[in-house]
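**Student:** Have a look at this one before I ask anything.
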Amino acid sequence: LTETGPIASSCPKGRGLHVLPHDVFVEAAGPSGEPVPKGGTGEILVTGGRNPYLPLLRFRTGDFGRIERGRCACGDAAPRIVDLLARPAALFRSDEGVVVNPIDLARALRPFPIVQHQFLQRKDRSCRLAVKLPPGPGRLDPSDLEKALRRFLGPGLDISVVFDPELGKGSRSWKVHSYLSELPLAPDRT
């Protein structure tokens with residue numbers, strides 16, 4: 001996860017994903033945030049993490065699965081995430097068709113004072129970045145954000161930047177998917 005770093009790794013016996021960090025609590029919750037019964041499937045929530053500036057308390061990941069506790073057949077005693085149904089992957093393409101990872105775009109946006117954002121690349125490769133800024137004085141020039149994105153996406157794509165103080169309003173917990181792509185994961189070979 002962008003917010004925590006790696007959460008789990010594959011079990012060598014194929015029995016799910018072992019939770020890695022000792023300081024992250026992982027649970028599965030129902031639609032209203034209630035814990036699911038033991039062995040039940042729900043949205044994966046994360047509490048803890050190492051970033052003192054981003055404390056996570058029952059952070060909704062958007063991924064679904066079951067949590068199994070107790071020693072695994074491989075011998076690992078860490079909790080496991082099983083039957084994971086993850087969010088769809090989002091990969092982007094530069095103006096030259098090169099694959100661009102969301103992590104690269106996150107690095108490009110990191111220096112800017114952004115509370116929340118959503119980056120969308122459409123089928124025609126045009127891009128839209130919606131940004132929610134922190135309250136208070138100080139403005140951000142949209143051309144600076146566009147320039148940062150172009151380092152990875154190239155000069156030839158149509159990139160629009162909009163400031164949206166209502167970003168996420170109406171969604172559960174005001175959360176938005178930060179990266180969305182209408183492009184197929186496999187390149188078009190035609």
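The values are calculated or read from the model by the stated rules, or taken from the named source; none is laboratory data. The structure displayed is predicted, hence computed values, not measured ones. Here Cβ is always computed from backbone atoms with ideal geometry, including for glycine, and neighbour counts include all displayed protein chains. All accessible areas refer to the heavy atoms of the entire protein, side chains included, with ligands and DNA or RNA removed. Shrake-Rupley method; radii C 1.70, N 1.55, O 1.52, S 1.80 Å.
**Student:** When residues of the range 24-78 are filtered for being closer than 16 Å to K175 by Cβ, aliphatic (A, V, I, L, M) and surrounded by 16 or more Cβ atoms within 10 Å (Cβ to Cβ), how many remain?
**Tutor:** Residues in the range 24-78 being closer than 16 Å to K175 by Cβ, aliphatic (A, V, I, L, M) and surrounded by 16 or more Cβ atoms within 10 Å (Cβ to Cβ): 5 in total.
**Student:** Every residue in the range 43-70 that is at pLDDT below 95 and of a type in the set (K, R), please.
**Tutor:** R50, R58, R60, R69
**Student:** May I pose another question? Taking the range 117-139 as the region of interest, how many residues are out of contact with any helix residue (DSSP H, G or I) (no Cβ under 8 Å at 6 or more places or on another chain) and at pLDDT 90 or above?
**Tutor:** 12
**Student:** Run A90 past the list (1) open to solvent by 20 Å² or more (accessible area, probe 1.4 Å); (2) in a loop (DSSP other than H, G, I, E, B); (3) within 24 Å of K175 (Cα to Cα); (4) of a type outside the set (F, W, Y) and report the number of the one that doesn't hold.
**Tutor:** The one condition A90 does not meet is (1).
**Student:** Separate question: Can you list residue pairs whose Cβ atoms sit under 8 Å apart, with the first residue in the range 23-36 being at positive phi and the second being among the hydrophobic types (A, V, I, L, M, F, W, C) and not in a loop (DSSP other than H, G, I, E, B)? Count only pairs 6 or more apart in sequence or on different chains.
**Tutor:** G33/L45
**Student:** What is the residue count in the range 93-108 for residues that are open to solvent by less than 30 Å² (accessible area, probe 1.4 Å) and under 19 Å from L129 (Cβ atoms)?
**Tutor:** Within the range 93-108, residues that are open to solvent by less than 30 Å² (accessible area, probe 1.4 Å) and under 19 Å from L129 (Cβ atoms) number 7.
**Student:** Let me ask something additional. Tell me which strands (runs of 3 or more DSSP E) are completely within the range 1-72 and hold 1 or more residues being basic (K, R), under 20 Å from the mean Cα position of the chain (by Cα) and over 12 Å from L84 (Cβ atoms), or say none if there are none.
**Tutor:** Correct list: 56-68.
**Student:** Residues being within 23 Å of L54 (Cα to Cα), of a type in the set (A, V, I, L, M, F, W, C) and either touching a residue at least 60 places away in the same chain (Cβ under 8 Å) or crowded, with 17+ Cβ neighbours inside 10 Å (or both): count how many of those fall in the range 115-149.
**Tutor:** Count: 6.
**Student:** So if I check each of L20, L84, which one is modelled with pLDDT under 95, open to solvent by 60 Å² or more (accessible area, probe 1.4 Å), under 27 Å from S181 (Cβ atoms) and aliphatic (A, V, I, L, M)?
**Tutor:** Going through L20, L84 in turn, the sole match is L84.
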